[in-house]
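Undergrad: Once you've had a glance at the structure underneath, I'll fire off some questions.
What follows draws every value from the coordinates through simple rules; no lab data is involved. From a predicted model like this one, the values you see are computed outputs, not experimental measurements. When we count neighbours, we look across all protein chains shown, and the Cβ atoms used for this are built from the backbone with ideal geometry, even at glycine.
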C-alpha cells in the first residue's frame, strides 16, 4: 500500500493550527527554502483553462510595506509580516494573452502553438469575446481566490502563519504598486510570517459550524 504524502492527522492538525493571524512577529522571517516552496505552490494553483489570469506581488521591502498600512485600515499585518502577497487579477483578457498561453503549452508539452488552433478558438469565444470575456476582472478575481486558499493551506502545512486581507483600499494599492499600467487590479492580499507571542487570537478556539450544518451528502 502506498504511503500518503501527508497523513489525515497532519492535514487536520495543521488546519486546526492555522488562524487569521492578527499580530506578526516582525523579527521572524520565512526562510528562503520555505518561501520558494510557497511561491511554487502559488504557481501550481489550478485555474480555469489553466490560464492563470493573475499576478502575485510579493512585497518584502520595508518601506513599501509601511506605505500599505494607512491604506489597509491601519492594520499592521502588511508591515509586520515577513512576506506580504497582493493577488492582482487581470482586468481584461486579450488575444495576446491567449497566444502567450498557447506558446507556453507548446514549450512545455511539445508541438507548436499553431497546432492548438482549435483550443484557441474555444478560449477566444469564451474568455475574450464570450461570456467570461464580458466579466474578465470578476472571473480573474475568482481564480485569484482559489490561489489564496491554496496558498494558505500550503503555508499551514509548512508551519507558516497567514492572514487573508480584504480590508484595504484597492485603488490605493493599485497606485502604490503601479498595477493598472500592467493591466491588473489588486483584489485580495495575504500576510505571511510567524505569529507574535502577544497575539491573543492564537489560542482562541476555532469557531466553525458542524459537519451536519455544512456538508450535505446525497
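Undergrad: Got a sec? How would 172, 22, 134 order by Cβ neighbour count within 10 Å, fewest to most? The partial results should precede the final answer.
TA: Working: 172 15, 22 18, 134 11.
Lowest count first: 134, 172, 22.
Undergrad: Expressed in nm to one decimal, what extension gain is obtained for the pair residue 91 and residue 74 from 0.36 nm per residue of sequence separation less their Cα-Cα distance?
TA: 3.4 nm
Undergrad: State log₁₀ I(q)/I(0) for region 1-118 at q = 0.13 Å⁻¹ as given by the Debye formula over alpha-carbon point scatterers of equal weight, solvent excluded.
TA: Taking Cα atoms of region 1-118 as identical point scatterers yields -0.80.
Undergrad: Take the alpha carbon atoms of region 186-213, find their center, do the same for region 2-58, and report the distance between the two centers in whole angstrom.
TA: Distance between centres, Cα-based: 14 Å.
Undergrad: Same structure, new question: Rank-order 83-91, 48-56 by packing density, defined as the average count of other C-beta atoms within 10 Å over each peptide's residues, highest first.
TA: Final packing ranking: 83-91, 48-56.
Undergrad: For region 45-86, what value does the Rg/Rh ratio take when both radii are computed over Cα atoms and Rh is the Kirkwood radius, given to two decimals?
TA: 1.14
Undergrad: Using every Cα-Cα pair within the chain, state what percent have a distance larger than 32 Å.
TA: 29 percent
Undergrad: GNM, the chain, Cα, under 10 Å: largest mean-square fluctuation among 111, 130, 193?
TA: Comparing 111, 130, 193 in the GNM, the peak value goes to 111.
Undergrad: Using the beta-carbon distance between residue 29 and residue 199 and R0 = 22 Å, what value does 1/(1 + (r/R0)^6) give for FRET efficiency, to the nearest 0.05?
TA: Calculated value: 0.80.
Undergrad: As an exercise, use a Förster radius of 45 Å and the Cβ-Cβ distance of residue 138 and residue 3 to find the FRET efficiency, rounded to the nearest 0.05.
TA: Computed FRET efficiency for residue 138 and residue 3: 0.60.
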